[in-house]
2 protein chains.
Amino acid sequence: MRDIQQALDMRPGSIYARFQSKEGLFKLVVEKYVENSKAQLQCVANSNTPLQSLGDFFKSALINPDEMRYMRQCLLVKSIAELDLIGEVGQKAVLDGMVSLNDCFALVVEKAILLEELSNTTPVDMAANWLQNQFVGLRAFAVIQSDNDAIERMIDKVLYDLTTQWPEN
Amino acid sequence: MRDIQQALDMRPGSIYARFQSKEGLFKLVVEKYVENSKAQLQCVANSNTPLQSLGDFFKSALINPDEMRYMRQCLLVKSIAELDLIGEVGQKAVLDGMVSLNDCFALVVEKAILLEELSNTTPVDMAANWLQNQFVGLRAFAVIQSDNDAIERMIDKVLYDLTTQWPEN
DNA sequence: GCATTATCTGAACGATCGTTCAAAAAGCTT
DNA sequence: AAGCTTTTTGAACGATCGTTCAGATAATGC
């Protein structure tokens, strides 16, 4: 809270007047973050080449100058890692956000199937879950990996595996 | 630290006599955790059916009774998420641990190639990195996913994708 | 049984945390 | 300019954090 006070040049009272508490502020931040990410993924879903756009989305989120490495971390991923330290309100915001983004990944998969970039036998929900997984794993990978080419190869592998076969049921 | 004091029924002085500080204790815990995980992965690498053993390893780490859901989180993954809040000593322990486990994943891949469960064109280092990624992603997935079958299907997908093609260079 | 060493005890330290609130300042309406 | 509402201020609160250390206790060697 004191970091935020300094960054915004605001006194504690002002912050607590606008937001009720640390957790209330956290909830709003998470919701904004999710809203932002949703917009990005909906752009991907609206693209004419959804798979390529998906790759670009992954790359822009995971690859950036070294001095901004910390930005490779995802707020939601970070929050899930500390889910047991967060209050109920914050937990709900994080979990709802994950579901919300999962729906967006599903939209991307559906669009790719529609444009025949993916087989129509692709299980949409499973693929969406899987994509979200891949993103989480790559986020952690990107934090500790300074070789951008290695990250890019991982993304290529994700895009390839998306097109291969899926387990039954 | 006070939680640990209570759990061990030890007074702060005793803990600080054995370990120098919170960070020193953290370092030892991480090292122990890595040692443990290494032993498990080396078992997998020594198996006659490394890919099946690898699947079992994933399942045992990711699937367990619901009341122990919090145990699905991995100490290293959690630590990477908070890497910016950890001191230098702790950071080094975490990053070294990740490299160490990555080597173990590489051993598993090598063994699988040797036993012809994987093509000998499989790029060992990339596959090891990739496997570690998959594990990280699945850890987060398992924390928020109560459907064990969904987790199991994801693991099956990982084992399948391990056998498919890899990006060049 | 005594001396010496190693270990443990637990109250207490200073720093930092999230948060509050009476008072001051700024904004708005007439 | 006066009166009323809204917002901001900043010192200060109690709780909790990692940590310390003089003294008590236990373990060991002779």
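Against the condition open to solvent by 80 Å² or more (accessible area, probe 1.4 Å) and of a type in the set (Ser, Thr, Tyr), how does B:Tyr16 come out, does it pass?
Values: open to solvent by 80 Å² or more (accessible area, probe 1.4 Å): yes; of a type in the set (Ser, Thr, Tyr): yes.
It is true that B:Tyr16 is open to solvent by 80 Å² or more (accessible area, probe 1.4 Å) and of a type in the set (Ser, Thr, Tyr).
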*Does segment A:47-98 hold any residues that are open to solvent by 20 Å² or more (accessible area, probe 1.4 Å), touching a residue at least 60 places away in the same chain (Cβ under 8 Å), out of contact with any Ser or Thr (no Cβ under 8 Å at 6 or more places or on another chain) and not in a helix (DSSP H, G or I), and which are they?*
A:Asn48, A:Thr49, A:Ile63, A:Gln73, A:Gly87
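Got a sec? Which of A:Gln20, A:Gln42 is within 16 Å of DNA strand D (Cβ to nearest atom) and either more than 19 Å from A:Ser100 (Cα to Cα) or over 12 Å from the mean Cα position of the chain (by Cα) (or both)? Write out each step before concluding.
Values: A:Gln42 fails: within 16 Å of DNA strand D (Cβ to nearest atom).
One residue alone meets the criteria, A:Gln20.
Looking at segment A:106-128, is at least one residue closer than 19 Å to B:Leu162 by Cβ and part of a helix (DSSP H, G or I)?
So in segment A:106-128, the residues closer than 19 Å to B:Leu162 by Cβ come out as A:126-127.
Retained after the next criterion (residues that are part of a helix (DSSP H, G or I)): A:126-127.
The answer is yes, given that some residue of segment A:106-128 is closer than 19 Å to B:Leu162 by Cβ and part of a helix (DSSP H, G or I).
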*Among residues belonging to segment A:135-150 that are in contact with a Phe, Trp or Tyr (Cβ under 8 Å, 6 or more places away or on another chain) and more than 16 Å from B:Val99 (Cα to Cα), point out the one that is nearest to the other protein chains (Cβ to nearest Cβ).*
A:Val136
*Do we have A:Leu25 as open to solvent by less than 90 Å² (accessible area, probe 1.4 Å), of a type in the set (A, V, I, L, M, F, W, C), within 16 Å of DNA strand D (Cβ to nearest atom) and assigned to a helix (DSSP H, G or I) here?*
yes
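With respect to B:Val30, is the statement that it is open to solvent by less than 70 Å² (accessible area, probe 1.4 Å) and within 16 Å of DNA strand D (Cβ to nearest atom) true?
Details: open to solvent by less than 70 Å² (accessible area, probe 1.4 Å): yes; within 16 Å of DNA strand D (Cβ to nearest atom): yes.
So B:Val30 fits the description; yes.
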*Go through (1) among the aliphatic types (A, V, I, L, M); (2) in contact with a Lys or Arg (Cβ under 7 Å, 6 or more places away or on another chain); (3) modelled with pLDDT of 95 or more one by one and return the number of the condition B:Val143 breaks.*
(3)
*Just to be sure, is B:Ala7 among the small types (Gly, Ala, Ser), open to solvent by less than 90 Å² (accessible area, probe 1.4 Å), more than 25 Å from B:Leu162 (Cβ to Cβ) and within 11 Å of DNA strand D (Cβ to nearest atom)?*
no
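Being within 14 Å of chain B (Cβ to nearest Cβ) and either farther than 29 Å from A:Ile151 by Cβ or within 13 Å of DNA strand C (Cβ to nearest atom) (or both) is true for just one of A:Lys59, A:Lys27, A:Lys78, A:Lys92. Which residue is that? Talk me through it step by step, then tell me what you get.
Details: A:Lys59 fails: either farther than 29 Å from A:Ile151 by Cβ or within 13 Å of DNA strand C (Cβ to nearest atom) (or both); A:Lys27 fails: within 14 Å of chain B (Cβ to nearest Cβ); A:Lys78 fails: either farther than 29 Å from A:Ile151 by Cβ or within 13 Å of DNA strand C (Cβ to nearest atom) (or both).
Within the list A:Lys59, A:Lys27, A:Lys78, A:Lys92, the selection yields A:Lys92.
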_Positions within segment A:144-166 being open to solvent by 20 Å² or more (accessible area, probe 1.4 Å) and in contact (Cβ under 8 Å) with a residue 40 or more places away in the chain, in sequence order_ = A:Ser146, A:Asn148, A:Glu152, A:Asp156, A:Leu159, A:Thr163, A:Trp166
_Contact list please: Cβ distance under 8 Å, first residue in segment A:6-23 and more than 14 Å from chain B (Cβ to nearest Cβ) and under 19 Å from A:Val89 (Cα atoms), second residue near DNA strand C (Cβ under 7 Å from one of its atoms) and open to solvent by 50 Å² or more (accessible area, probe 1.4 Å), pairs at least six apart or on different chains._
A:Ile15/A:Met1; A:Lys22/A:Met1
*How many residues are open to solvent by 10 Å² or more (accessible area, probe 1.4 Å) and either within 15 Å of the chain's Cα centre (by Cα) or within 8 Å of chain A (Cβ to nearest Cβ) (or both) if we restrict to segment B:111-133?*
4
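The values are calculated or read from the model by the stated rules, or taken from the named source; none is laboratory data. Predicted model, so just to flag it, every value in this text is computed and none were measured. No Cβ is skipped: glycine too gets one built from the backbone with ideal geometry, and neighbour counts run over all protein chains shown. What goes into the accessible areas is simple: the full protein's heavy atoms, side chains included, and nothing from ligands, DNA or RNA. Shrake-Rupley method; radii C 1.70, N 1.55, O 1.52, S 1.80 Å.
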